[in-house]
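> Okay, handing you the structure first.
Only the coordinates and a few stated rules stand behind these numbers; no lab work does. Keep in mind the model is a prediction, meaning the values are calculated, not measured.
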Amino acid sequence: MNEIRFLKLTDYENQGTVIKQEGRQFFGYEQGSWVRRGLSLGYFYPDAPEFDCYEVITEIEALKLLKGE
């Protein structure tokens, strides 16, 4: 079974963007539903400028951010 986790991006260009990761697939929240999208692999490669520019957050935190709370 694929692990699901929620990420809040922290790099300058995408700061505050909430992403859902399910296994190797990534989803952005658009118009009330999760839509598959690409995510730069640089977030996971040590030599990339955006490496590790995300925080793992809970689903509850993700939903609050998406609702603007």
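> Under the rule of -39500 (n - 2.57) per DSSP H run of 4 or more residues, summed and divided by the residues of the chain, what mean residue ellipticity at 222 nm is obtained, to the nearest 500 deg cm²/dmol? The partial results should precede the final answer.
On the way: 1 runs with 9 residues, N = 69.
Estimated from H runs of four or more residues: -3500 deg cm²/dmol.
> What's the extension gain from E30 to R5 if we count 0.36 nm per residue and subtract their Cα-Cα distance?
Details: separation 25, 0.36 × 25 = 9.00 nm, distance 1.75 nm.
Once the chain is fully extended between E30 and R5, it gains 7.3 nm.
> Can you give me the Rg/Rh ratio for the chain, using Cα atoms for both radii and the Kirkwood formula for Rh?
On the way: Rg = 11.8 Å, Rh = 12.4 Å.
Reported Rg/Rh (Cα atoms, Kirkwood Rh): 0.95.
> List the residues, sorted by chain then number, that are 5 or more residues from F26 or on another chain and whose placed amide H is less than 5 Å from its amide H.
R37
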